[in-house]
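The values are calculated or read from the model by the stated rules, or taken from the named source; none is laboratory data. Owing to the predicted nature of the structure, the values given are computational and were not obtained by experimental measurement. Cβ: placed from backbone, ideal geometry, glycine included. Neighbour counts: every protein chain shown. For accessibility, only protein heavy atoms count, side chains too; no ligands or nucleic acids. Shrake-Rupley method; radii C 1.70, N 1.55, O 1.52, S 1.80 Å.
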Amino acid sequence: MMNKLKYGTYRFIRFWVKLFYPKITVEGLENLPEEPSLVVANHCQMNGPIAGELYFPGDHYIWCAGEMMEARQVPDYAYRDFWSRKPRYIRWFYRILSYVITPLSVSIFNNAHTIPVYRDKRLIITFRETLKRLKEGATVIIFPEHEAPYDHILQDFQSGFVDVARSYYRKTGKCLQFVPMYLAPSLHKMALGKPVAYNPDAPHKEERSRVCQYLMEQISGIARSLPRHKVVPYLNLPKKDYVYNIPEEVVSHEKTCG
């Protein structure tokens, strides 16, 4: 009975979120392999998971922080990850809010198409569930940015996700492909780039670096190729601190040269 109630709550919330969240179109679907793949995208704060859940086509699952799926861990994680950079005078409000959203978070993330991501010995659960979904034919979407800068569009990627490809190759004998994706909420679009395949014959440490570098370069390249817009960063910064995909100095230079 409790599970049915939680699922009903999730469906209710999903309905209202989809009703009010801007429709996102997906471009570059021709770049999505026919075989199961890992789609790697900019986190875009909460926009990445929301847009992925609502608008990515086909059977898909999204990596989600395991802390957001367990009631006792939600408040600390949510406050630290979402609101710890808010002005000091208002942080008390967000601290309370982190407790208020706990039951909603547990309901949503345990009933959506998610795979819990752990950073301790339970990481094996993350990989096992990911492999299961891939072998079932689903696409898995991940957002591997962390608090280290890459460029004005992206934070650097944590590279551990590439290990999924090594496990996938051992289980299936197939080379998993990684597809770069850039989300621009202000343009109402997600854009997919050309995939890169894991090479099981190369040293794994080098493959980690190569795959991550390729994906970051491609995602930033997609962002810069789109019409000028403000980039929603991984870090929860005030909107006045958001930067444009094409910096002002580039625009000024192009006008001068043009």
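Values as computed for the structure displayed
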{"item": "Cα-centred dipole magnitude for region 65-222, charges only on beta-carbon of K, R (+1) and D, E (-1), debye, nearest 20", "result": "340"}
{"item": "Placed amide H near residue 26: partners under 5 Å, 5+ positions off or other chain", "result": "190"}
{"item": "Cα centroid separation, region 109-185 to region 69-97 (Å)", "result": "25"}
{"item": "Share of carbon and sulfur in the accessible heavy-atom surface of the chain [1.4 Å probe, %]", "result": "57"}
{"item": "Virtual paramagnetic centre 7 Å along Cα→Cβ of residue 9, amide N under 20 Å, in region 55-71", "result": "64-71"}
{"item": "Among beta bridges that DSSP assigns inside region 59-172, antiparallel share in %, nearest 5", "result": "20"}
{"item": "Ranked packing of 10-21, 191-202, most packed first, by mean Cβ within 10 Å", "result": "191-202, 10-21"}
{"item": "The chain: antiparallel DSSP beta bridges as a percent of all, rounded to 5", "result": "35"}
{"item": "Charge dipole of region 10-101 about the Cα centre (unit charges at C-beta), most positive-ward option of 83, 49, 60", "result": "83"}
{"item": "Packing rank of 173-181, 78-86, where each peptide gets the mean count of other beta carbons within 10 Å, highest leading", "result": "173-181, 78-86"}
{"item": "Rh by Kirkwood over Cα pairs, then Stokes-Einstein D for the chain at 1.567 mPa s and 4 °C, µm²/s", "result": "67"}
{"item": "Estimated FRET transfer efficiency (residue 175, residue 89; beta-carbon r; R0 51 Å; 0.05)", "result": "0.45"}
{"item": "Selection from 111, 216, 246 lying farthest towards where the dipole of the chain points positive, charges on Cβ", "result": "111"}
{"item": "Computed [θ] at 222 nm, helices only, for the chain once each DSSP H run of length n ≥ 4 contributes -39500 (n - 2.57)", "result": "-13000 deg cm²/dmol"}
{"item": "R0 of 45 Å, Cβ-Cβ distance residue 104-residue 201: FRET efficiency to nearest 0.05", "result": "0.45"}
{"item": "Mean Kyte hydropathy of -0.5 or more with a Cα span along the axis of at least 15 Å, helices from DSSP in the chain", "result": "2-20, 123-135"}
